[in-house]
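S.K.: Pasting in a structure now, in structure tokens, and then I'll have a few things to ask.
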Amino acid sequence: AYERRFPTCPLIPMFVASDTVNEYKSEDGAIHVIERRCKLDIDAPRLLKKIAGVDYVYFVQKNSLNRRERTLHIEAYNETFSNRVIINEHCSYTVHPDNEDWTCFEQSASLDIKSFFGFESTVEKIAMKQYTSNIKKGKEIIEYYLKQLEEEGITFVPRWTPPVACKSESSTSHPRRPVSPAINIPESATKEGLSNKEILNTSSSPSEPTPGTPDDKLDADYIKRYLGDLTPLQESCLIRLRQWLQETHKGKIPKDEHILRFLRARDFNIDKAREILCQSLTWRKQHQVDYILDTWNPPQVLQDYYAGGWHHHDKDGRPLYVLRLGQMDTKGLVRALGEEALLRYVLSINEEGLRRCEENTKVFGRPISSWTCLVDLEGLNMRHLWRPGVKALLRIIEVVEANYPETLGRLLILRAPRVFPVLWTLVSPFIDDNTRKKFLIYAGNDYQGPGGLLDYIDKEIIPDFLGGECMCEVPEGGLVPKSLYRTAEELENEDIKLWTETIYQSASVFKGAPHEVLIQIVDASSVITWDFDVCKGDIVFNIFHSKRAPQPPKKDSLGAHSITSPGGNNVQLIDKVWQLGRDYSMVESPLICKEGESVQGSHVTRWPGFYILQWKFHSMPACATTNLPRVDDVLASLQVSSHKCKVMYYTEVIGSEDFRGSMTSLESSHSGFSQLSAATTSSSQSHSSSMISR
């Protein structure tokens with residue numbers, strides 16, 4: 001019945017044609033694999049088709065029928081725009097294990113939009129619309145062809161049996177089930193006696209399951225290879241948190257290893273882990289931390305006088321970072337560079353650590369998600385307790401603890417002097433309890449005795465300055481020349497510059513005080529694009545148009561300031577006396593955005609004039625029948641303290657003549673995490689309004 005939809009199907013209007021590219025039939029007739037190139041007329045706006053320069057898109061579909069196993073597996077992927085958009089779809093028809101008269105049907109798909117001329121959100125919406133329509137019509141189509149077969153008198157197809165020449169062989173010996181080339185079963189999977197469903201999962205991705213896929217259960221080999229030992233409850237927590245991220249942070253879900261770090265940091269309490277993970281993802285995006293290794297070059301002062309660096313690995317395969325804190329002039333570095341430059345350098349070290357963990361996981365063939373830090377305190381004195389230096393250290397600890405949990409596997413503190421307890425008293429309250437348990441402190445030369453350094457690091461790589469034979473290339477530090485010191489004013493300006501390099505801005509939204517951004521459009525058909533995250537509370541996003549300019553903005557300085565991100569502002573543009581429909585008009589339907597959600601979208605302007613993007617506080621509606629608030633609404637309102645919301649946003653206007661191929665438009669629409677992201681599976685629901693998509 002399924003084969004009857006080719007070469008075209010009247011029930012699928014967009015399916016224009018198909019050609020057979022490849023076909024294979026086994027000698028015994030059990031296996032039939034056919035690969036087709038399908039031509040589709042996608043229901044997309046003419047403007048989008050014109051920009052893309054195509055009228056049709058092509059997909060490759062591979063159907064694998066295994067009569068011996070009684071399965072039909074269907075794989076499809078896009079050929080058109082495969083360097084910009086990756087679509088994969090998997091379907092399977094199998095016999096129900098408990099009732100042979102029943103047929104099981106499973107379908108899944110993944111969508112990864114890398115870039116599409118700035119129309120990423122529109123493409124996502126179209127893809128979701130087509131996929132939803134596919135699911136709804138799938139049963140209708142197969143029943144249509146089943147009925148057609150019945151009308152032709154075909155109501156039964158005899159089960160496949162092996163040819164006579166093979167029958168005696170198969171009946172006398174069953175060393176293992178035959179391997180079907182149609183579904184590419186791994187040899188190891190067959191030997192271990194996995195079920196057919198498990199074999200299919202491993203064959204589609206032998207090393208790991210599709211990242212971001214909300215499976216009920218992760219593959220055991222994948223867990224062992226990349227994640228480490230997990231109890232069923234911990235595995236369930238990981239899957240549930242990943243599902244939630246999939247629905248609210250589409251297109252930028254961190255890898256399982258990183259999600260797991262936050263779960264472990266909160267003892268697998270999903271709500272607590274979700275809160276700190278969302279805050280961290282927002283922080284990474286705002287300060288472009290994902291690009292720090294590629295775009296930021298440490299000042300020469302740091303390269304010369306920061307006495308730290310990577311040095312091989314420990315006995316467990318963890319990357320080893322060596323810090324000669326006692327030889328480092330912390331006061332000189334702070335005076336010469338400022339607090340923010342030091343923080344950024346430490347962030348780059350942590351990003352490099354994440355990268356090295358991934359590399360070591362591949363090299364050693366087991367999960368390595370943390371690194372070991374060796375801190376040599378030889379030379380530590382009261383100069384290191386200089387107050388601004390300690391303040392910078394506490395700031396660094398706070399940021400690292402919040403955004404890189406469970407990345408420190410072990411901290412070896414060597415040659416701790418008498419002044420060390422003073423420093424420890426100052427910093428220990430800021431260190432998480434789980435992290436403190438990983439500290440090993442050695443006074444004097446105790447590290448050379450039993451239970452010392454040799455228990456954790458191979459003799460061959462112990463640094464020379466600790467009595468080992470390995471030459472360590474970590475800078476020796478030393479005093480920073482006072483000629484490199486800068487004034488407090490210069491440092492303050494530099495600190496502001498470092499953190500304002502982000503393209504994103506923060507804003508606070510209060511009840512009765514929305515935040516508004518004015519965009520003046522000279523040429524009609526320009527494209528306004530936006531990308532924002534709802535950091536706190538729920539908001540309503542609106543877009544308005546006015547022919548006249550609003551009065552100069554009124555600023556509200558009530559936004560809270562925090563250590564990890566600059567404070568948000570509040571600007572109101574629409575005058576209280578303005579009337580909707582007379583002085584200004586709404587050009588997009590209002591969009592309700594929940595806390596933790598990311599929203600990207602674009603609007604093609606119809607008229608010149610002034611456009612206002614507005615983020616407004618969202619009040620929970622009362623129950624219509626009783627005029628009393630619902631319990632869920634009351635609980636939700638309690639979470640939004642002080643009737644305050646926070647958003648982080650970026651907007652850009654692209655002229656119609658420059659829109660196609662604009663690199664700035666592609667950058668503004670790209671919000672993936674280079675280090676932490678993986679391809680994500682599109683959700684079965686697409687919350688969208690006009691050209692807005694989360």
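The values are calculated or read from the model by the stated rules, or taken from the named source; none is laboratory data. Please read these numbers as outputs of a predicted model, since none were measured by experiment. Quick reminder, even Gly has a Cβ in these numbers, built from the backbone with ideal geometry, and neighbours come from all protein chains shown. Remember, those area values only see protein heavy atoms, side chains included, never the ligands or the DNA or RNA. Shrake-Rupley method; radii C 1.70, N 1.55, O 1.52, S 1.80 Å.
S.K.: Can you list residues whose amide H is under 5 Å from residue 525's amide H, if they're 5+ apart or on another chain and H is modeled 1.01 Å from N?
M.R.: For residue 525, whose amide H was placed from the backbone, the distant partners under 5 Å are 605, 606, 607.
S.K.: Taking R0 as 56 Å, what's the FRET efficiency between residue 130 and residue 362 from their Cβ-Cβ distance, rounded to 0.05?
M.R.: Once rounded, the FRET efficiency stands at 0.95.
S.K.: Given N residues in the range 447-552, what is its alpha carbon radius of gyration divided by 2.2 N^0.38 Å? Let's see the in-between values first.
M.R.: Details: Rg = 28.1 Å, N = 106, 2.2 N^0.38 = 12.9 Å.
Computed over Cα atoms of the range 447-552, the ratio equals 2.17.
S.K.: What is the set of long-range amide H partners of residue 104 at a cut-off below 5 Å, with H atoms built 1.01 Å from backbone N?
M.R.: Excluding prolines and chain starts, which carry no amide H, the hits are 94, 95, 96.
S.K.: Given contacts defined as C-alpha pairs under 8 Å and at least six residues apart, what's the relative contact order of the range 290-483, whole-number percent? Intermediate values should be presented prior to the final figure.
M.R.: On the way: 300 pairs, mean separation 55.9, N = 194.
Across the range 290-483, relative contact order equals 29 percent.
S.K.: Counting only DSSP beta bridges with both residues in the range 290-483, what percent are antiparallel, rounded to the nearest 5? Walk me through the numbers before you get to the answer.
M.R.: Values: 4 of 20 bridges.
The antiparallel proportion sits near 20 percent.
S.K.: Provide the packing ranking of 103-115, 532-544, 594-606, i.e. peptides ordered by the mean count of other C-beta atoms within 10 Å per residue, highest first. The partial results should precede the final answer.
M.R.: Values: 103-115: 16.6, 532-544: 22.8, 594-606: 20.1.
Packing proxy ranking, top to bottom: 532-544, 594-606, 103-115.
S.K.: Shifting gears a bit: Taking the Cβ of residue 87 as the centre, find all other residues whose Cβ is under 13 Å away and add up their charges (Lys, Arg: +1; Asp, Glu: -1).
M.R.: Working: positive: 84, 114; negative: 75, 79, 89, 112, 124.
It works out to a net charge of -3.
S.K.: Computed over the Cα atoms of the range 290-483, what is the convex hull's projected area averaged over all directions, in nm²?
M.R.: Details: hull surface 43.8 nm².
Its Cα hull, projected and averaged over all orientations, spans 10.9 nm².
S.K.: Also: Counting each pair of different Cα atoms once, what's the Kirkwood radius of the range 2-152 in Å, rounded to one decimal? Before the final figure, lay out the partial values.
M.R.: Numbers: mean 1/r = 0.0586 Å⁻¹.
Hydrodynamic radius (Kirkwood, Cα only) of the range 2-152 equals 17.1 Å.
S.K.: While we're on this one: Calculate how large, on average over all directions, the projected area of the Cα convex hull of the range 294-358 is; give the answer in nm² to one decimal. Write down the numbers at each step before the final one.
M.R.: Values: hull surface 19.9 nm².
One quarter of the hull surface, i.e. the mean projection, equals 5.0 nm².
S.K.: Also, quick follow-up: Which net charge results for the neighbourhood of residue 143, defined as the other residues with beta-carbon distances under 14 angstrom from its beta-carbon, given Lys and Arg at +1 and Asp and Glu at -1? Present the calculation step by step, with values, prior to reporting the outcome.
M.R.: Details: positive: 4, 5, 136, 137, 139, 147; negative: 140, 150, 151.
With Lys, Arg at +1 and Asp, Glu at -1, the neighbours total +3.
S.K.: Same structure, new question: Under the definition of Cα pairs under 8 Å and six or more residues apart, what whole-number percent is the relative contact order of the range 220-287?
M.R.: 26 percent.
S.K.: What length, rounded to one decimal in nm, is gained on full extension from residue 43 through to residue 387, with 0.36 nm per residue of separation minus their alpha-carbon distance? Don't skip to the answer; put the middle values down first.
M.R.: Details: separation 344, 0.36 × 344 = 123.84 nm, distance 6.44 nm.
Computed gain between residue 43 and residue 387 is 117.4 nm.
S.K.: Would you mind putting 321-329, 423-431, 459-467 in packing order, based on average other-beta-carbon counts within 10 Å, highest first? Intermediate values should be presented prior to the final figure.
M.R.: Values: 321-329: 21.7, 423-431: 13.2, 459-467: 14.9.
Highest to lowest by the protection proxy: 321-329, 459-467, 423-431.
S.K.: In addition: Please compute the modelled spin-label separation between residue 9 and residue 473, points set 7 Å along Cα→Cβ, answer in nm with one decimal.
M.R.: Distance between the two pseudo-spin positions: 5.8 nm.
S.K.: Can you tally the net charge around residue 396? Count Lys and Arg as +1, Asp and Glu as -1, for every other residue whose Cβ sits under 12 Å from the Cβ of residue 396.
M.R.: Details: positive: 344, 391, 395; negative: 339, 340, 398, 401.
Summing Lys and Arg as +1 and Asp and Glu as -1 gives -1.
S.K.: Stokes-Einstein at 25 °C, 0.890 mPa s, Kirkwood radius from Cα pairs: D for the range 302-413 in µm² s⁻¹?
M.R.: Numbers: Rh = 14.8 Å.
Estimated diffusion coefficient is 166 µm²/s.
S.K.: Leaving out ligands and nucleic acids, note down the accessible area per residue over the range 290-483 with a 1.4 angstrom probe, in whole Å². Please report the intermediate quantities before stating the final value.
M.R.: On the way: 8970 Å² over 194 residues.
That works out to 46 Å² per residue.
S.K.: Related question: Given a 1.4 Å probe and heavy atoms of the protein chains only, how would you sort 651, 20, largest accessible area at the top? Could the numbers behind the result be given before it?
M.R.: On the way: 651 40, 20 85 Å².
From most exposed to least exposed: 20, 651.
S.K.: Here's another thing I want to ask about it. Quick check: convex hull over the Cα atoms of the range 220-287, volume per residue in Å³, rounded to an integer?
M.R.: On the way: hull volume 6.1 nm³, N = 68.
About 89 Å³ per residue, rounded to a whole number.
S.K.: With r defined as the distance between the Cβ atoms of residue 276 and residue 164 and R0 fixed at 45 Å, what FRET efficiency is calculated, to the nearest 0.05? List each step's numbers first, then the result.
M.R.: Details: r = 66 Å, r/R0 = 1.47.
That pair, residue 276 with residue 164, gives E of 0.10.
S.K.: Restricting to Cα pairs below 8 Å that are 6+ residues apart, what does the relative contact order work out to for the range 2-152? Please round to a whole percent. Don't jump to the answer; show the numbers that get you there.
M.R.: On the way: 232 pairs, mean separation 21.7, N = 151.
Relative contact order of the range 2-152: 14 percent.
S.K.: State, to one decimal in nm, how far the label point of residue 23 lies from the label point of residue 99, with both points 7 Å from Cα in the Cβ direction.
M.R.: It is 3.6 nm.
S.K.: With charges set only on the Cβ (+1 for Lys and Arg, -1 for Asp and Glu), what does the dipole of the range 220-287 come to about its Cα centre, in debye to the nearest 20? Walk me through the numbers on the way to the answer.
M.R.: On the way: 14 positive and 9 negative charges, 63 e Å.
Computed about the Cα centre, the dipole is about 300 debye.
S.K.: Ranked from the most accessible area to the least, with a 1.4 Å probe and all protein chains present, what is the order of 219, 290?
M.R.: On the way: 219 45, 290 10 Å².
The ranking, largest first, comes out as 219, 290.
S.K.: Here is a further query. Using mean Cβ contacts within 10 Å as the protection proxy, how do 479-487, 264-272 order, highest first? Show your work: numbers first, answer last.
M.R.: Numbers: 479-487: 12.9, 264-272: 15.1.
Ranked by mean Cβ neighbours within 10 Å, highest first: 264-272, 479-487.
S.K.: Report the extension gain between residue 443 and residue 140 in nm, rounded to one decimal, defined as 0.36 nm multiplied by the number of residues separating them, less their alpha carbon distance.
M.R.: Numbers: separation 303, 0.36 × 303 = 109.08 nm, distance 7.57 nm.
Gain in length upon complete extension: 101.5 nm.
S.K.: Which stretch or stretches of the range 71-96 have amide N atoms under 18 Å from the point lying 7 Å from residue 157's Cα along the Cα→Cβ direction?
M.R.: Correct set: 71-75, 91-96.
S.K.: Ok, one more. Heavy-atom accessible area of residue 287 with all protein chains present, probe 1.4 Å, nearest 10 Å²?
M.R.: Surface accessible to solvent at residue 287 totals approximately 20 Å².
S.K.: Suppose accessible area is computed on protein heavy atoms with a 1.4 Å probe; arrange 161, 407 from highest to lowest. Intermediate values should be presented prior to the final figure.
M.R.: Details: 161 90, 407 5 Å².
Putting 161, 407 in descending order of accessible area: 161, 407.
S.K.: State the Cα centre-to-centre distance between the range 367-388 and the range 244-320 in whole Å.
M.R.: Cα centroid to Cα centroid, the span is 20 Å.
S.K.: Take the residue pairs 62/114; 25/255; 125/285; 255/536; 437/459 and return only those whose Cα atoms are more than 28 Å apart.
M.R.: Numbers: 62/114 24 Å; 25/255 39 Å; 125/285 23 Å; 255/536 24 Å; 437/459 25 Å.
Violating the 28 Å limit, Cα to Cα: 25/255.
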